[in-house]
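**Q** Can you keep this structure in mind? I'll have questions shortly.
The values are calculated or read from the model by the stated rules, or taken from the named source; none is laboratory data. Nothing here was measured: the structure is a model prediction, and the numbers come from that model. Cβ placement follows ideal geometry from the backbone for every residue including glycine, while neighbour counts extend to all protein chains displayed. Surface accessibility is based on the protein's heavy atoms, side chains included, excluding ligands, DNA and RNA. Shrake-Rupley method; radii C 1.70, N 1.55, O 1.52, S 1.80 Å.
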Amino acid sequence: TKTACFDDEEGCFGIYLREDDTFLGVCLCPEKNGQIILSLNEDFRDHGYGHQALTLCLDLLFGVYGRREIVAEWDLSLPGALKTLLSCGFEKDSGGFYRLTEAQWELL
(Lines give C-alpha, C1' and ligand atoms only; values in the text may rest on other atoms or scores of the structure.)
Protein backbone atom coordinates (compact mmCIF):
# COMPACT_ATOMS: atom_id res chain seq x y z
CA THR A 1 0.00 0.00 0.00
CA LYS A 2 0.95 3.63 -0.11
CA THR A 3 -0.41 6.64 1.68
CA ALA A 4 -1.15 9.96 0.07
CA CYS A 5 -1.60 12.99 2.25
CA PHE A 6 -4.68 14.96 1.38
CA ASP A 7 -4.92 17.17 4.46
CA ASP A 8 -1.64 17.43 6.32
CA GLU A 9 -2.96 20.12 8.64
CA GLU A 10 -5.32 17.60 10.20
CA GLY A 11 -3.02 14.60 9.78
CA CYS A 12 -5.49 12.83 7.52
CA PHE A 13 -4.11 10.37 4.98
CA GLY A 14 -5.70 8.33 2.24
CA ILE A 15 -4.66 4.68 1.96
CA TYR A 16 -4.33 3.38 -1.60
CA LEU A 17 -3.17 0.26 -3.40
CA ARG A 18 0.19 0.91 -5.00
CA GLU A 19 -0.65 -1.01 -8.20
CA ASP A 20 -3.71 0.92 -9.32
CA ASP A 21 -4.41 3.67 -6.76
CA THR A 22 -7.57 1.94 -5.50
CA PHE A 23 -8.79 3.85 -2.43
CA LEU A 24 -8.82 1.56 0.63
CA GLY A 25 -9.64 3.94 3.49
CA VAL A 26 -8.25 6.68 5.70
CA CYS A 27 -5.92 7.09 8.62
CA LEU A 28 -6.32 10.06 10.92
CA CYS A 29 -3.34 10.86 13.08
CA PRO A 30 -3.55 14.45 14.27
CA GLU A 31 -0.14 15.36 15.63
CA LYS A 32 -1.50 17.46 18.47
CA ASN A 33 -3.18 14.76 20.53
CA GLY A 34 -1.31 11.54 19.73
CA GLN A 35 -4.47 9.70 18.73
CA ILE A 36 -4.71 7.45 15.69
CA ILE A 37 -7.92 6.41 13.92
CA LEU A 38 -7.86 3.95 11.04
CA SER A 39 -10.84 3.10 8.87
CA LEU A 40 -10.72 0.70 5.92
CA ASN A 41 -13.49 0.13 3.40
CA GLU A 42 -15.23 -3.17 4.14
CA ASP A 43 -14.02 -4.87 0.94
CA PHE A 44 -10.38 -4.40 1.95
CA ARG A 45 -10.44 -5.61 5.54
CA ASP A 46 -8.56 -8.74 6.65
CA HIS A 47 -5.92 -8.46 3.90
CA GLY A 48 -3.10 -6.88 5.94
CA TYR A 49 -3.66 -3.35 4.67
CA GLY A 50 -4.58 -2.08 8.13
CA HIS A 51 -1.31 -3.32 9.58
CA GLN A 52 0.71 -1.67 6.80
CA ALA A 53 -1.15 1.62 7.15
CA LEU A 54 -0.88 1.61 10.93
CA THR A 55 2.87 0.94 10.74
CA LEU A 56 3.37 3.87 8.36
CA CYS A 57 1.32 6.20 10.55
CA LEU A 58 3.19 5.14 13.70
CA ASP A 59 6.50 5.86 11.98
CA LEU A 60 5.13 9.30 11.09
CA LEU A 61 3.79 10.07 14.57
CA PHE A 62 6.89 8.92 16.45
CA GLY A 63 9.51 9.88 13.87
CA VAL A 64 8.25 13.11 12.33
CA TYR A 65 5.75 14.51 14.83
CA GLY A 66 7.82 13.44 17.86
CA ARG A 67 4.95 11.91 19.81
CA ARG A 68 5.88 9.92 22.90
CA GLU A 69 2.61 7.95 23.16
CA ILE A 70 -0.21 7.01 20.80
CA VAL A 71 -3.78 6.10 21.67
CA ALA A 72 -5.60 4.02 19.05
CA GLU A 73 -9.27 4.26 18.19
CA TRP A 74 -10.35 1.23 16.24
CA ASP A 75 -13.55 -0.72 15.72
CA LEU A 76 -12.67 -3.74 17.86
CA SER A 77 -15.80 -5.57 16.71
CA LEU A 78 -13.91 -6.21 13.46
CA PRO A 79 -12.08 -9.56 13.61
CA GLY A 80 -8.63 -8.33 12.56
CA ALA A 81 -8.63 -5.01 14.41
CA LEU A 82 -7.45 -6.20 17.80
CA LYS A 83 -4.91 -8.55 16.21
CA THR A 84 -3.50 -5.60 14.23
CA LEU A 85 -3.20 -3.37 17.30
CA LEU A 86 -1.50 -6.07 19.34
CA SER A 87 0.89 -6.98 16.52
CA CYS A 88 2.04 -3.34 16.46
CA GLY A 89 2.72 -3.41 20.22
CA PHE A 90 -0.39 -1.68 21.57
CA GLU A 91 -1.48 -2.68 25.06
CA LYS A 92 -4.81 -2.17 26.78
CA ASP A 93 -4.59 0.22 29.72
CA SER A 94 -6.74 0.30 32.86
CA GLY A 95 -9.18 2.68 31.19
CA GLY A 96 -9.83 0.30 28.30
CA PHE A 97 -7.82 2.29 25.73
CA TYR A 98 -5.09 0.81 23.55
CA ARG A 99 -1.80 2.67 23.95
CA LEU A 100 1.68 2.44 22.50
CA THR A 101 4.71 4.36 23.74
CA GLU A 102 7.66 5.37 21.63
CA ALA A 103 9.90 3.07 23.69
CA GLN A 104 7.62 0.07 23.02
CA TRP A 105 7.57 0.87 19.28
CA GLU A 106 11.36 1.05 19.13
CA LEU A 107 11.61 -2.45 20.62
CA LEU A 108 9.56 -4.02 17.81
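**Q** Taking interchain pairs and intrachain pairs at least six residues apart, which have beta carbon atoms under 6 angstrom, with the first residue in region 43-62 and on the phi < 0 side of the Ramachandran plot and the second of a type in the set (D, E)?
**A** Short answer, once both residue conditions are applied: F62/E102.
**Q** Counting only residues that are under 14 Å from the mean Cα position of the chain (by Cα) and in a loop (DSSP other than H, G, I, E, B), which one in region 42-64 is nearest to A103 (Cα to Cα)?
**A** G48
**Q** Of all residues in region 14-34 being open to solvent by less than 50 Å² (accessible area, probe 1.4 Å) and within 24 Å of Q104 (Cα to Cα), which is modelled with the lowest pLDDT?
**A** Out of the qualifying residues, it is P30.
**Q** Okay, next question. Which members of region 71-104 meet the condition of being more than 23 Å from D46 (Cβ to Cβ), free of Cβ contacts under 8 Å to residues at least 40 places away in the same chain and not in a loop (DSSP other than H, G, I, E, B)?
**A** Matches in region 71-104: V71, R99, T101, A103, Q104.
Each row is one residue, and each column tells you yes or no for (1) of a type outside the set (D, E, K, R); (2) in contact with a helix residue (DSSP H, G or I) (Cβ under 8 Å, 6 or more places away or on another chain); (3) open to solvent by 70 Å² or more (accessible area, probe 1.4 Å).
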residue: G66; (1), (2), (3): yes, no, no
residue: L76; (1), (2), (3): yes, yes, yes
residue: G80; (1), (2), (3): yes, yes, no
residue: F90; (1), (2), (3): yes, no, no
residue: D93; (1), (2), (3): no, no, no
residue: F97; (1), (2), (3): yes, no, yes
residue: E102; (1), (2), (3): no, yes, no
